[in-house]
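Okay, so here's the structure we're looking at.
The values are calculated or read from the model by the stated rules, or taken from the named source; none is laboratory data. Note that the coordinates shown come from a computational prediction; the quantities given were computed from them, not determined experimentally. All Cβ positions, even for glycine, are placed from backbone atoms using ideal geometry, and neighbour counts span all protein chains on display. With ligands, DNA and RNA removed, areas are computed over all heavy atoms of the protein, side chains included. Shrake-Rupley method; radii C 1.70, N 1.55, O 1.52, S 1.80 Å.
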Amino acid sequence: PASVGALFRDRVSASATKVAFQYATVGADGTDTWHDVTWGQANDVIYALAAALVELGIQPEERVAIASGTRYEWALADLAVMCAGGATTTIYPTTIPDDVAFILADSASRVVFAEDETQLAKLVGIRDLVPGVMAVILMSGSVPSDAPAGWVHTLADLQARGTAYLEEHPGAVDERIEASRPDQLATLIYTSGTTGRPKGVRLLHSTWTYQGAAVAAINILTEDDLQYLWLPLSH
């Protein structure tokens, strides 16, 4: 496939009713409850989020940052960015505010997905340093009453916005996927900054699709396998 968006769309077409993701929620008694999400269900959310990014004005190869630990919503945001034609910028959840500001400015990120109120507080504190960030999307929790008005939105709000946009522009996301090229920027993975300022590593769509083709060719991972993600997706 020419891009990650095309790769994702092909997988949804082939495996719509199969489980794509599993994630856990923790009850008051500390017990984990696991939830299954099929490729078709994930597609509905990802397309809505991608459409909202298009409606917000994200252009091909424009950067959208994710400041979060490994979680289901990280995958949703990442795939939505690429389906919208944008490029994901990764930020470790432990990154200090000064380095967060540097990464956002260096990458010229326009939107940030923030995991929780801890990540949101960092972004609010550096807002004056990142005037190019036009919106922050909170993955979990509700928007604090003292958050900058109109700047912070919940993931559910973004999904609803995208669903409405798709009703008026049903082909908006598919058009972005079909326009994405193998040599187009897909991801900026930033180093941890232990030896100086973090450095962004440019990864193209062909980087990811080649990895997928290589995995398929040597048959080390199949659609029936279960992969548990532990290391940070920002890495």
* Using the Cα centre as the reference, give the magnitude of the dipole from point charges on the C-beta atoms of the chain (Lys, Arg: +1; Asp, Glu: -1; all else neutral), rounded to the nearest 20 debye. => 620 debye
* Cα-centre dipole for segment 130-235 with unit charges at Cβ (Lys and Arg positive, Asp and Glu negative), debye to 20 -> 660 debye
* By average Cβ neighbour count within 10 Å, what is the ranking of 93-105, 110-122, 215-227 from highest down? -> 110-122, 93-105, 215-227
* To do: Over segment 8-74, with every protein chain in place, what whole percent of the accessible area is carbon and sulfur at 1.4 Å, could you tell me?
  => 47 percent
* Structure fact -> Cβ-Cβ cut-off under 11 Å around Asp106, Lys and Arg +1, Asp and Glu -1: the net charge is +2
* Structure fact -> Averaged per residue, the 1.4 Å probe accessible area of the chain, protein heavy atoms only, in Å², is roughly 50 Å²
* To do: Pop out the carbon and sulfur fraction of the accessible area of segment 105-150 as a percent, whole number, probe 1.4 Å.
  => 49 percent
* Over all Cα pairs of segment 157-235, how is the pair count split among 5 Å bins, expressed in % and running from 0 up to the last occupied bin? -> 3, 11, 11, 14, 16, 20, 16, 8, 2, 0
* Structure fact -> Charge dipole of segment 79-194 built from unit charges on the beta carbon (Lys, Arg +1; Asp, Glu -1), centred at mean Cα; most positive-end Cα among Met139, Thr90, Phe113 is Thr90
* **Charge-dipole axis of the chain as Lys and Arg at +1 and Asp and Glu at -1 on Cβ define it, positive-most pick from Thr31, Ala20, Leu233** => Leu233
* Burial ranking of peptide ranges 167-173, 137-143, 25-31 (average Cβ count within 10 Å, highest at the top) -> 137-143, 167-173, 25-31
